[in-house]
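In what follows, a structure is listed as structure tokens, so that the remarks can point back to it.
The values are calculated or read from the model by the stated rules, or taken from the named source; none is laboratory data. Note that the structure is a prediction, hence the values are computed from the model and not measured. For neighbour counting, all protein chains shown are included, and Cβ atoms are generated from backbone atoms with ideal geometry for every residue, glycine included.
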Amino acid sequence: MKNSILFTYIFILIFMISTAIFAQEKKIPDYSLTDRKDIPVDYTWKIEDIYPSMEAWKTDKEAAVELISKIDETAAGWTSSSSKMLALLDLLNEINLKSSKLFSFASHQANTDMSNTQYQSMQGELQSIFVQMSSKLSFLNPDIIALGYEKFGEYVTTEPKLEIYRFMAEDIFRSKDHILPEDQQKIASLTGLFSGSTNRAANMLNDMELPSAEVTLSTGQKVILNYANYMKYRASKITADRRMVMNEFWKNQKKFENTLAILQDGAIKQHLFSSKIRKYPDCLSAKLFGDNIPKEVYLQLIKSVKENLSPMHRYLKLKKELLGLDKFLYEDIYALAVPSVEKVFTFDEAEQTVLEIMKPMGSEYQDALKLSFDNRWIDIYPNKGKQSGAYSGGIYGVHPFVKINYDGSYNAISTLAHELGHAMHSYFSNKYQPFPLSGYTIFLAEIASTFNENMLMDYLLKNDNDDMFKLFILDSYLDQVRGTLYRQTLFAEFELAMHERVESGQTLTADWLNNKYLELTREYYGHDEGVCEVGDYIQNEWSRIPHFYMNFYVFQYSTGIIASMAMSDYVLNNPAEYRDKYLTMLKSGGNDYPMEILKKAGVDMTQPEPYSAAFNRFDRMVSEMEKIVSKLKEQKKL
């Protein structure tokens with residue numbers, strides 16, 4: 001009897017221990033208040049793959065300075081022969097390659113430990129060095145234009161190694177009407193000394209120096225509303241908490257709106273200065289010219305989205321129903337519409353999921369993904385002083401680096417898949433293209449990232465029999481599309497309005513920015529139609545959107561997901577045929593203009609088909625979500 005009791009006790013003890021271990025495994029580490037130096041190395045990216053030490057960075061910086069000193073000598077008579085042209089272009093190529101490594105090392109370090117001023121100093125030092133180098137190169141474009149297209153072609157025939165610079169030269173010939181004379185270019189290049197200062201000041205204010213509000217949740221817990229906690233608690237399943245958190249966060253942000261408005265105004269006026277001195281009709285034309293994108297693509301995006309707000313409004317009404325609300329407020333946007341499905345995914349589980357969803361892409365893609373997980377390409381968890389958000393940055397000759405702030409949510413897996421889409425684009429571009437042709441444009445980059453999100457959603461929908469979980473997945477995915485397609489287009493329209501106001505000779509004030517942002521937010525979210533009530537408090541949300549300093553960046557999120565929706569459907573329906581087309585896009589880097597690269601992948605953004613496909617897909621998924629809700633209600637599970 002004693003043995004039986006003892007055995008039972010041991011069994012229970014083992015069960016309790018194993019359960020505790022399992023619970024521990026499912027717990028997501030919290031390093032948000034931990035200094036960077038104390039983070040376990042396995043959770044950090046392998047920064048030493050760029051430089052093994054600070055001394056190595058300094059040595060390479062001095063090597064870059066030495067190479068820069070050779071520019072004047074090498075540039076003498078550089079267009080007089082194909083060999084001299086090759087010598088200069090190869091020298092510049094080597095300098096640019098070192099520049100990429102030097103800046104990446106400093107910026108990646110700075111972004112994971114923003115309190116360390118050494119990294120900020122390193123970035124400033126590099127900026128001064130390379131701005132001075134840029135001023136040395138003011139002769140480059142005018143000399144190529146003076147040489148002429150035909151003569152350049154003869155040089156390529158004489159010296160085939162110049163072939164990798166052909167696309168660059170052809171783009172210069174296309175841009176000849178906007179290229180400044182050498183003396184003016186020298187002056188214009190000096191603006192690089194301060195052109196990013198407004199952005200850096202806004203980031204420092206928002207991420208480091210702006211005092212955070214403190215709130216008390218319904219549980220009695222006191223929370224410091226830094227941005228990480230704001231992101232967490234704005235999605236609270238407790239209605240009163242999420243509404244209070246959003247109101248208090250933006251109420252606190254409003255204290256600094258005038259300073260942030262001045263910074264935003266300064267950034268837009270820098271864009272205007274740059275466009276005017278290069279003889280573009282407006283800022284948007286100046287931005288789109290570089291990628292050879294028709295202005296109509298930008299305007300058509302805004303027009304198409306505003307004509308197709310109804311699917312998103314149907315989705316918001318469904319969220320209201322699922323959340324059991326009498327009135328749907330903007331504060332409820334980020335709440336999970338399926339609160340009964342609460343899942344935490346460890347990072348190991350996220351890794352296995354991402355590998356599984358990308359199997360249709362074949363072994364070459366899979367092998368590259370495994371490299372990212374096995375070789376510490378990813379910086380995983382938040383730490384004290386780490387920049388918020390996520391990004392991926394590729395370094396030619398090294399590998400991509402992915403920064404995330406993983407919290408175990410479904411959204412965190414989606415973010416991981418998103419950033420690894422960027423990483424794979426960099427990996428394949430760098431592998432298959434020479435350095436001068438490896439840099440793909442942002443217009444293409446957001447396709448690779450949202451393509452992975454589409455694959456994640458489709459895989460989970462097809463491979464899970466739990467209708468409640470499917471509902472959860474649909475809600476999560478549709479909310480991602482809402483944020484990427486609809487919200488980013490709202491941002492694009494707001495950004496266009498800011499530029500047009502400055503172009504008309506006006507100043508961006510906090511009052512104007514607040515009123516315009518609130519007007520557009522209410523239009524997109526159906527405030528006047530009773531879909532979603534948008535309160536006055538959200539009017540200064542613009543002040544925490546870093547992309548507004550990046551000169552017409554955000555529209556590419558929207559065009560990217562439109563293209564990726566079409567591509568993911570192609571690959572899933574016919575992987576043998578379209579897998580290679582998609583991989584061709586990833587491997588093309590920047591060897592052609594993005595619209596042409598996309599056409600090779602089967603998507604023409606000048607035509608209405610991709611836009612229609614995107615909105616039809618969104619509409620179909622809302623319908624599928626409505627069917628599942630109806631079914632679960634009949635089963636009395638909702």
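Below is a table of values for the structure above.
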item	result
Residue match in segment 245-266 (condition: more than 30 Å from E500 (Cα to Cα) and of a type in the set (D, E))	yes
Qualifying residue in segment 568-575 (condition: in a helix (DSSP H, G or I), among the hydroxyl-bearing types (S, T, Y) and either touching a strand residue (DSSP E or B) at 6+ places or on another chain (Cβ under 6 Å) or under 18 Å from I447 (Cβ atoms) (or both))	yes
Test: residue in segment 198-207 that is more than 27 Å from L89 (Cβ to Cβ) and β-branched (V, I, T)	yes
Residue count, segment 592-638 (criterion: closer than 20 Å to S568 by Cα and outside any helix (DSSP H, G or I))	8
Top-ranked residue in segment 439-460 [being surrounded by 22 or more Cβ atoms within 10 Å (Cβ to Cβ) and among the polar types (S, T, N, Q); ranked as farthest from L485 (Cα to Cα)]	N452
Those residues of segment 133-170 which are outside any helix (DSSP H, G or I), touching a helix residue (DSSP H, G or I) at 6+ places or on another chain (Cβ under 8 Å) and more than 30 Å from L193 (Cβ to Cβ), in sequence order	E159
Residue in segment 133-143 that is modelled with pLDDT of 95 or more, crowded, with 17+ Cβ neighbours inside 10 Å and among the polar types (S, T, N, Q) present	no
Single match in K295, K254, K303 (criterion: more than 21 Å from I561 (Cα to Cα) and not small (G, A, S))	K254
Looking only at segment 592-638, and only at residues there that are among the hydroxyl-bearing types (S, T, Y) and within 23 Å of E170 (Cβ to Cβ), the one that is surrounded by the fewest Cβ atoms within 10 Å (Cβ to Cβ)	T606
Identity of the residue in segment 381-408, of a type in the set (V, I, T) and more than 12 Å from the chain's Cα centre (by Cα), that ends up surrounded by the fewest Cβ atoms within 10 Å (Cβ to Cβ)	V398
Flag for I129 being β-branched (V, I, T), touching a Ser or Thr at 6+ places or on another chain (Cβ under 9 Å), surrounded by 15 or more Cβ atoms within 10 Å (Cβ to Cβ) and part of a helix (DSSP H, G or I)	yes
Any helices (runs of 4 or more DSSP H) falling wholly within segment 246-357 and containing at least 1 residues that are closer than 30 Å to K631 by Cα	310-323, 347-357
Matching option when the condition is surrounded by 18 or more Cβ atoms within 10 Å (Cβ to Cβ) and at pLDDT below 90, among I179, I164	I179
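For every residue, the table says whether it meets (1) basic (K, R); (2) over 30 Å from the mean Cα position of the chain (by Cα).
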position: K70; (1), (2): yes, yes
position: G77; (1), (2): no, yes
position: S82; (1), (2): no, yes
position: A87; (1), (2): no, yes
position: Q109; (1), (2): no, no
position: T112; (1), (2): no, no
position: Q123; (1), (2): no, no
position: V131; (1), (2): no, no
position: E154; (1), (2): no, yes
